[in-house]
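Structure first, then comments.
The values are calculated or read from the model by the stated rules, or taken from the named source; none is laboratory data. Keep in mind that this is a model prediction, so the values were computed, not measured. FYI the Cβ positions are ideal-geometry reconstructions off the backbone, even for glycines, and counts take in every protein chain you see.
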Amino acid sequence: MYEIWLGLNIVFELALTALPWLGGAAAVWIALMSAALLRRHAHWREALPASLVIGATFAALAVWLVPFVTRSSISEMGYWVDWANLIGLSVAVGGLAFAFVWPLLTAVSGPRQDTPTSGQPT
Amino acid sequence: MTTRIQDATVTAAPTDIGRRRFMLRASALPLGAAALSAATSRPARAAVKTSAHIVIAGSGLGGVAIANRLSRELDGAKITIVDRKEIHNYQPGYTLVATGIWPVAKVSDRNADLLPGRVEWVKDMAAGFDPDANTLVTEGGQRIRYDYLVVATGLHLDFAQIDGMDVSAIGANGLTSVYPGPQAAQATWLAMDAFRRQGGEALMTLPATPLKCAGAPLKMTFMLVDRLREAGMRASSKVGFHSALDNIFSVKPVNDDVLRRWADLDVPVTFNSKLVGIDIGARRATFLTPEGERNELGYDFIHVVPPMRAPDAVKNSPLAWQDGPFAAGGWLEVDKDTLRHRRYPNVFGLGDINGTPRGKTAATIKKSAPLVARNLIDVIAGGEPSQRFDGYTSCPLLLREGSALLVEFDYEGRLVPSLPMIEPLQDSYFAWLMKYRLLKPAYMAVAKGRV
């Protein structure tokens, strides 16, 4: 339990050092979500596969980039604990990318073929 | 002592409620970090009411951490912290600065941002202690009476024991030392950077006294070798390590592992070779053997690790050990289990100043600050200390840029990983990541009295 508490505090302190960035990111995310939610006939489901692919791509890239930006390299993964941490961080990066991309794609995607915009009854 | 305990009630529930509150707030981090910060800085409801006056000598990590804890967990206490320092330096970051990994600005914060508002801050240094009169005397002549005292002064870097040593010359003529402060760490990196471009002979040193961050001399050696290798100058350079002891680290498995690695890296070790003199201009160092033989060696780069001892304020006071292995350094005479003074029961010790086996690191304070706070509150409440310290300490040992060992051990020198899956002697990216990015946030949480 102590390690979990310590981990939460580390995340909190890290967040404090990046408050402007977090604030900006939160504002962008809220804007994207608002745009997607306010859009009539939003296509959340249609945007999901592409968003997942983009999120997974970010996660895969993060496997290489996270060691690089922390002044290490993938060749320094010494044992499974290192890999578990790297994969966990990469999944988090991918999840973050997904969280932004999904509302974005939903907001900008075009109308569905079967929507009333065609003028035909549904 | 004149302490009056008012309605001393010890309950865990308010603290738990405070923690639950914080956990809930932390879960909303991405959306409300600013609001969260303000909310968590609010003191939780106190568990013990008292009118005691508690004086804390020192505002390093130990002093600040316990000030935050006591101000939150005591209701009505007067808490005074005595230290002139305005800048709070993150000392575990010095090795990162000194090896070119971190910029120097990253290790300095303001003490004013870390101290709780309800604590009285006396901006003066402790010059002496009169525990029989429950009094601390400052350099400015103030006599501050206390009911309870926490000694967290840190230690003294005794460069004066090395003839010819001049701390202000660090960075010039290949003279380096990571210990004195951020500027010395930065100057050390500039000297290391210059040395790795030209190569030559490097001498790394280790004194015989207890050390803070005893892994630092080893980290500096590993990183110097790595920097030389990066620059393509390893083959044309020699790196030798001189230990004043018959080992290089007091924990045998770590000692043996590092010696094996240094054998592979061609870093010869000379044991029982104590740095006693230096001619900075001529770049010559003098080492002394236990038999009294003096050896003078030339160098292009030297890393000086000073002997360490208690500050004069403690060393020359009745609070210091009077006999035994810690008496020579004047270390604080505390019981190693409770960290309570062995002769003055209203005095506790925290951090580097303690005359205990091993453990002069920030990790020691992470584990012992909550314990000292709890034991002090137990005593204020009229009881006996309830917590026992196992001597936990930790050393993320840099091996090269990108990899480290995460070594954790106790008083007995047993390896005690926090998580069972951690392999202490395994080259590890995770250990590197901890040192590079995660330990300073952990340190800040300790300073604020949250972990």
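Here are the numbers:
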item	result
Members of region B:398-421 found to be closer than 18 Å to A:LEU86 by Cα and either at pLDDT 95 or above or more than 9 Å from chain A (Cβ to nearest Cβ) (or both), listed by number	B:GLU401, B:GLY402, B:SER403, B:ALA404, B:LEU405, B:LEU406
Test: residue in region A:92-108 that is touching a His at 6+ places or on another chain (Cβ under 9 Å) and more than 9 Å from chain B (Cβ to nearest Cβ)	yes
So B:LEU350, is it crowded, with 22+ Cβ neighbours inside 10 Å and within 10 Å of another protein chain (Cβ to nearest Cβ)	no
Unmet requirement for B:LEU228, which otherwise passes all of (1) touching a strand residue (DSSP E or B) at 6+ places or on another chain (Cβ under 8 Å); (2) closer than 25 Å to B:MET308 by Cα; (3) free of Cβ contacts under 8 Å to residues at least 60 places away in the same chain; (4) surrounded by 19 or more Cβ atoms within 10 Å (Cβ to Cβ)	(2)
Set B:PRO307, B:PRO325: member being more than 21 Å from B:VAL407 (Cα to Cα), buried (at least 20 other Cβ atoms within 10 Å of the Cβ) and of a type outside the set (A, V, I, L, M)	B:PRO307
Top-ranked residue of region B:434-447 - restricted to ones that are of a type in the set (A, V, I, L, M) and more than 7 Å from chain A (Cβ to nearest Cβ), ranked as farthest from B:ASP257 (Cα to Cα)	B:ALA447
Residue in region B:117-131 that is in contact with a strand residue (DSSP E or B) (Cβ under 8 Å, 6 or more places away or on another chain), more than 24 Å from B:VAL314 (Cβ to Cβ) and at pLDDT below 95 present	yes
Every pair of residues 6+ apart whose Cβ atoms lie under 7 Å, when the first sits in region A:1-23 and is closer than 16 Å to B:LEU433 by Cα and within 7 Å of chain B (Cβ to nearest Cβ) while the second is part of a helix (DSSP H, G or I) and not aliphatic (A, V, I, L, M)	A:ILE10/B:PRO441; A:GLU13/B:PRO441; A:LEU14/B:PRO441
Among (1) in contact with a helix residue (DSSP H, G or I) (Cβ under 8 Å, 6 or more places away or on another chain); (2) assigned to a helix (DSSP H, G or I) - the single one A:ALA42 does not satisfy	(2)
Boolean, B:ALA160 is under 30 Å from B:GLY232 (Cβ atoms), part of a helix (DSSP H, G or I) and under 25 Å from the mean Cα position of the chain (by Cα)	no
Matching option when the condition is surrounded by 16 or more Cβ atoms within 10 Å (Cβ to Cβ), assigned by TED's automatic domain parsing to the domain that holds B:VAL64 and over 19 Å from the mean Cα position of the chain (by Cα), among B:VAL150, B:VAL137	B:VAL137
Which listed residue is surrounded by 15 or more Cβ atoms within 10 Å (Cβ to Cβ) and not acidic (Asp, Glu), from A:ALA59, A:ALA31	A:ALA59
Residue match in region B:185-206 (condition: under 20 Å from B:VAL314 (Cβ atoms) and surrounded by fewer than 21 Cβ atoms within 10 Å (Cβ to Cβ))	no
Residues located in region A:64-83, provided they are touching a helix residue (DSSP H, G or I) at 6+ places or on another chain (Cβ under 8 Å) and within 12 Å of another protein chain (Cβ to nearest Cβ)	A:VAL66, A:PRO67, A:THR70, A:ARG71, A:SER72, A:SER73, A:ILE74, A:GLU76, A:MET77, A:GLY78, A:VAL81, A:ASP82
Of the criteria (1) in the same structural domain as B:MET233 (by TED's automatic domain parsing); (2) surrounded by fewer than 19 Cβ atoms within 10 Å (Cβ to Cβ); (3) among the basic types (Lys, Arg), which one B:ARG143 fails	(1)
Residue within region B:371-387 that is closer than 28 Å to B:LYS252 by Cβ and charged (D, E, K, R) present	no
Residue that is within 24 Å of B:TYR443 (Cα to Cα) and under 13 Å from the mean Cα position of the chain (by Cα), where the choices are A:LEU89, A:LEU32	A:LEU89
Residue check, B:ARG450 within 9 Å of another protein chain (Cβ to nearest Cβ), under 30 Å from B:LEU259 (Cα atoms) and of a type in the set (Lys, Arg)	no
Any hit, region B:426-433, residues being within 14 Å of another protein chain (Cβ to nearest Cβ), over 18 Å from B:VAL150 (Cα atoms) and surrounded by fewer than 19 Cβ atoms within 10 Å (Cβ to Cβ)	yes
Strands (runs of 3 or more DSSP E) contained in region B:259-324 and holding at least 1 residues at pLDDT 95 or above and among the polar types (S, T, N, Q)	B:284-288, B:294-298
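Let's see how each residue does on (1) more than 30 Å from B:PRO345 (Cβ to Cβ); (2) of a type in the set (A, V, I, L, M, F, W, C); (3) touching a residue at least 60 places away in the same chain (Cβ under 8 Å):
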{"site": "B:ALA126", "(1), (2), (3)": "no, yes, yes"}
{"site": "B:PHE129", "(1), (2), (3)": "no, yes, yes"}
{"site": "B:ARG145", "(1), (2), (3)": "no, no, yes"}
{"site": "B:GLN161", "(1), (2), (3)": "yes, no, yes"}
{"site": "B:VAL178", "(1), (2), (3)": "yes, yes, yes"}
